[in-house]
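Below is one structure; the comments refer to it alone.
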Amino acid sequence: MNEYLCHDFKTPRTDTARRLPSSFRAIPVVFYVALLFSAYVMTMDYFNYKKALQQKTEAQQREKISAEKRDAFKAEKAELESEATKAEKVAQWMEGARNMQPIAVKIARALQPDTRITQVALERNEQVPSNIALTIHVNGTNVSTELAAIESALGQLLYRSYSPQQTKNGDFVEYHSTLVRQAD
């Protein structure tokens, strides 16, 4: 026998397709490059996502701080507005008060030396601060002329008496009146 044991029984075939072009060898390379690129993009997306979450947290903290500052400013503004309102009321009160000292001086100078004032009260009304409630307790002999002198002295300060009332008890007279400031 023959020492050559293997026989080739293969016959040449003509009905087979021809080989793939050599440019198709690049397909696996393109696949692996695309795989690496998509892994890179996914990694970068993950890092960008984490960075965006951190920026979102920081933005929420800044928004919270801004809201707290805004609320503090609003509270301070409300406090300042209430202080301004109070200041306006005080200014109106002071404007309506005018100076009380000239009224007291005019009352004291209008009386004769033998007449005594035991009490003088000048009170302002909270609703109408320009009006002054006057209460005088006078001891003396000729009190009615003294009260007329007081009213004329107050007229020099542009005040007129509104609804004056007198209560006479011997030499003692209690006089109540509301002083109204006349227009300048």
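Values computed for the structure shown
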quantity	calculated
Zero-based 10 Å bins, Cα pair distances in segment 91-141, whole percents	23, 46, 23, 8, 0
Cα-based reach from K86 at 27 Å (exclusive), listing lysines while leaving out same-chain residues under 8 positions away	K69, K74, K77
C-alpha long axis of helix 26-97 to longest principal axis of the chain, angle in °	0
Within the chain, longest stretch free of exposed trypsin sites (Lys or Arg not before Pro) [DSSP loop, at most 16 other beta carbons within 10 Å]	20-184
Charge-dipole axis of segment 30-183 as Lys and Arg at +1 and Asp and Glu at -1 on Cβ define it, positive-most pick from Q54, A39, V143	A39
Projected area averaged over orientations for the chain, convex hull of C-alpha atoms, nm²	30.9
Rounded to 10°, Cα long-axis angle of helix 143-156 versus longest principal axis of the chain	40
For the chain: accessible area per residue (Å², 1.4 Å)	82
The chain, accessible surface, carbon-and-sulfur percent (1.4 angstrom probe)	56
14 Å beta-carbon shell around K77, net charge (K/R +1, D/E -1)	-2
Once exposed loop GluC sites (Glu not before Pro) are cut out (DSSP; at most 13 other Cβ, 10 Å), longest piece of the chain	4-125
Cα long-axis angle, helix 100-110 against the chain (0 to 90 degrees, to the nearest 10)	0
Percent RCO, i.e. relative contact order, over segment 30-183, from Cα pairs under 8 Å lying at least 6 residues apart	17
Ratio of the Cα radius of gyration of segment 55-156 to 2.2 N^0.38 Å, where N counts its residues	2.12
14 Å beta-carbon shell around T57, net charge (K/R +1, D/E -1)	+3
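The values are calculated or read from the model by the stated rules, or taken from the named source; none is laboratory data. It should be emphasised that the depicted structure is a prediction, and the values quoted were computed from it without experimental measurement. Don't worry about glycine lacking a Cβ; one is built from the backbone with ideal geometry, like all the others, and counts go over all protein chains shown. Heads up: the accessible areas ignore ligands, DNA and RNA and are worked out on the full protein's heavy atoms, side chains in. Shrake-Rupley method; radii C 1.70, N 1.55, O 1.52, S 1.80 Å.
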